[in-house]
Amino acid sequence: MSNLLSLKGIYKSFNKGTIDEMALFTDFNLDIKEGEFVSIVGSNGSGKTTILNIISGSTPIDGGDVCLKDENINKMKEYLRARRIARVYQDPALGTSPNLTVLENLALADNKGHYYGLSFAFNKKKKAEYQELLKSLNMGLEDKMNTKVKRLSGGQRQALALLMATMQPVDILLLDEHTAALDPKTSEEIMELTNRIIKEKHITTLMVTHNLRYAIEYGNRLLMFNQGSIIIDKSDKEKENINVDDLLKTFNEISIECGN
Amino acid sequence: MPLNIIFNILQQGLCYAIVALGVYISYKILNFPDLTVDSSFPLGAVVCIGLIQVGVPFIIALIVAFISGTLTGFITGFLHVKFKISPLLSGIITMTALLSINLAVAQGRTLIPYGDKTTLFNNAFTKLFGDNLSLIALANIIILLVIVIVIKVLMDLFFKTKRGYMLRAVGDNEQMGISLGSNSGFYKIFGLCLANGLVALAGAIYSQYMNYFDNTSGTGMVVIALASVIIGTAIFKHVKFVKGTTASIVGALIYTAVLNVIIALGVPTIYLKLVMALSFLVILILNYYFFSRDKKIKKGEKHV
């Protein structure tokens, strides 16, 4: 199968031109195939989130190529990439509009990538459709259509953000520690929901997580990052044989090397 | 209270209500404290009087005044979006530059009378009300009320459209616009154009009401507009069915009333701006102590 997303020879340094200049990525390569659900783990500063930022276009690169479906998107603006690359953030406040209602947020997301003109944002039929969608989340959101999003719980907001990100078809979904700000039970629920949506819609996904168990349990490929390079890359069968202890052991080893 | 003061409050207040509706877009919807207002207000006035004096019908003059305002909003928005200049500084730059532009359009004159030219407040309709000052005031109030209500209804409708939603979302959370595959900057500039268009329109209408153009009429307009929007939204904060647009109009009427009553009590008019600033301050303090339920400003929430 051909590569959906490929990162070729990525070079990225921070604090350029200062004494603190630090090259995070020097010749970083990664290929993601269509239909893969990749979990990415690694310590702080290993470059997990930076890679998501590079893919989504919010962080410019110093060298290399980002290709989506064989098209070089290096120069594509962030908001244009967003039409093909959806993203759910750790902070529930980033993926939704807090002062708009659930219904208004959904109406906006439903029009993603299209023209935002002077036609009404939704009608009765659409409203009923959205209600059904919310019901399928099992988060009690269907009774809160007219509630401002800032009044929802963190879990409800993340569920909504997830729904909004995947409402319109996208090439790839980026999950940036999207359960990290939630309590363990809610985190579990959101993770289940995520897995369900990804499977139902067959969305190619990159998930950054600090939860090693999620990384093993979910998805069909696992990557471990350390200081800007990939030190573990296991797919399918190989991945099934990894357990949390092995992963934690490797994690500790690299942490000691780094002096953490 | 004497009837003429009430009439004055209503006429002036309804003019300021249009400014408040504009600033509602920039300040409340886009979270953008826009100082351009102080200059886009007199720009609308000078464009309007200039056109009327060369024989352009007043309705067309008002439309062109609106357009001139949208241009100032465009400049402020462009400076902010393209060059990442802060909202306050972008506003200050445009506002200051416009002071000269306004004078240039006025050909150096700081006061220009309309004379007996046909305007919004001097036409076949108002003549029906005869020479009685109270009746004339009544006619003016009817005209202003119709204009304010039309603008309010149009704005309410607009905020139900896709573009209206997008404007609110971008003001709420800039990342949202990007996530929705849209250029957030475009919507910001669009909102500022609308806002300043309304402010310039208000300036044009106000000058017709006063029957002269005054180069300094915009000074302090930001304060008046912000005070109006803040009073209105604070009062109706917990009343769900009152829209932000209605709240801003009511706020403008209340603030104008406060100013007029204080002046009517005998405070010399040279202290008008002092009164404006102090009553604005009092409003902010009252808002802080009585209207906000939780006094601590939470992360991510807007400061007053």
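A few comments on the model shown:
- Only Lys, Arg, Asp and Glu carry charge here, each on its Cβ (+1 for the first two, -1 for the last two); on that basis chain A has a dipole of about 1180 debye about its Cα centre.
- For region A:54-105 versus region B:91-147, the gap between their alpha-carbon centres in whole angstrom: 48 Å
- Cα→Cβ-extended label distance, 7 Å offset, between B:Ile142 and A:Lys8, nm: 7.5 nm
- Average 1/r across all pairs of distinct alpha carbons in region A:187-260, invert it, and you get the Kirkwood radius: 13.5 Å.
- Chain A, relative contact order [Cα under 8 Å, separation at least 6], %: 26 percent
- When the surface is traced with a 1.4 Å probe over the full set of protein chains, B:Val275 keeps roughly 20 Å² accessible.
- Take the Kirkwood radius over Cα pairs of region B:37-181, plug it into Stokes-Einstein at 37 °C and 0.692 mPa s, and you get 182 µm²/s for translational diffusion.
- Taking only the Cα atoms of chain B, the radius of gyration and Dmax are 19.0, 60 Å.
- Average beta-carbon neighbours from other chains, 10 Å sphere, peptide A:116-129: 3
- Averaged over residues, the count of other Cβ atoms within 10 Å places the peptides A:97-104, A:32-39 in the sequence A:97-104, A:32-39, highest first.
- By the helix-only formula, in which each DSSP H run with n ≥ 4 contributes -39500 (n - 2.57) and the sum is divided by residues, chain A has a 222 nm mean residue ellipticity of -11000 deg cm²/dmol.
- The portion of the accessible surface of chain A made up by carbon and sulfur, rounded to a whole percent, is 48 (1.4 Å probe; DNA, RNA and ligands excluded).
- Summed over the residues of region B:3-216 and divided among them, the accessible surface reaches 40 Å² per residue at a probe radius of 1.4 Å.
- Protein accessible area in region B:207-292, 1.4 Å probe - carbon and sulfur %: 74 percent
- Placing unit charges on the Cβ atoms of the charged side chains and taking the dipole of chain A about its Cα centre, the candidate lying farthest along the positive direction among A:Phe14, A:Cys67, A:Ala159 is A:Ala159.
- Per the Debye calculation on region B:188-298 with a single equal scatterer at every Cα and no solvent contribution, log₁₀ I(q)/I(0) for q = 0.12 Å⁻¹ amounts to -0.51.
- Listed residue (A:Ile254, A:Ile203, A:Met191) projecting farthest to the positive dipole end of region A:171-254, Cβ model: A:Ile203
- Rounded to the nearest 20, the Cβ-based charge dipole of region B:3-216 about its Cα centre (Lys and Arg +1, Asp and Glu -1) stands at 480 debye.
- Partner shielding of A:84-91 amounts to 2, given as the average count of beta-carbon atoms from other chains within 10 Å of each residue beta-carbon.
- Region B:52-183 - percent relative contact order, Cα under 8 Å, separation 6 or more: 15 percent
- Between region B:1-63 and region A:154-186, the alpha-carbon center distance in angstrom: 45 Å
- Taking every residue in A:75-83 and counting other chain Cβ atoms within 10 Å of its Cβ, the average works out to 4.
- Packing-based ranking, highest mean first, of B:247-256, A:41-50 given that Cβ atoms within 10 Å are counted: B:247-256, A:41-50
- The order of the peptides A:231-242, B:194-205, A:180-191 by mean Cβ neighbours within 10 Å, most packed first, is B:194-205, A:180-191, A:231-242.
- For a straight C-alpha distance cut-off of 18 angstrom, the aspartates and glutamates reachable from A:Lys33 (same-chain residues fewer than eight places away being disregarded) are A:Asp65, A:Asp70, A:Glu71, A:Asp171, A:Glu200, A:Asp233, A:Asp236, A:Glu238.
- Multiplying each eigenvalue of the alpha-carbon gyration tensor of the protein assembly as shown by 5 and taking the square root yields semi-axes of 55, 24, 21 Å, largest first, rounded to whole angstroms.
- Region A:1-155: radius of gyration over Cα atoms, expressed as a fraction of 2.2 N^0.38 Å: 1.29
- Each chain gives up part of its surface: B and A jointly bury about 2400 Å² of accessible area, both sides summed, for a 1.4 Å probe.
- Candidate aspartates and glutamates for bridging to A:Lys126, where Cα separation is under 18 Å - those fewer than 8 sequence places away on the same chain excluded: A:Glu104, A:Asp110, A:Glu142, A:Asp143
- Taking every lysine pair in region B:3-216 that is 8 or more places apart or spans two chains, those with Cα atoms closer than 21 Å amount to 13.
- Set of aspartates and glutamates near A:Lys199 by C-alpha distance (under 12 Å), chain-local residues within fewer than 8 positions excluded: A:Glu36
- Here, P(r) means the percent of Cα pairs in each 5 Å bin from 0 to the largest distance; for region B:141-218 it is 3, 13, 19, 18, 15, 11, 10, 7, 3, 1.
- Rg of the Cα atoms in region A:1-42, relative to 2.2 N^0.38 Å, amounts to 1.55.
- Under the convention that each Lys and Arg Cβ holds +1 and each Asp and Glu Cβ holds -1, the size of the dipole of the protein assembly as shown around its Cα centre is about 1600 debye.
- Helices meeting the span-like rule in chain B (full DSSP H runs, Cα extent of at least 18 Å along the helix axis, mean Kyte-Doolittle score of -1.0 or higher): B:3-23, B:37-53, B:58-83, B:87-105, B:133-158, B:184-210, B:221-235, B:244-264, B:272-286.
The values are calculated or read from the model by the stated rules, or taken from the named source; none is laboratory data. A quick note: this is a predicted structure, and the numbers were derived from the prediction, not measured. We place every Cβ from the backbone using ideal geometry, glycine too, and count neighbours over all the protein chains shown. These accessible areas exclude ligands, DNA and RNA; they are computed on the full protein's heavy atoms, side chains included. Shrake-Rupley method; radii C 1.70, N 1.55, O 1.52, S 1.80 Å.
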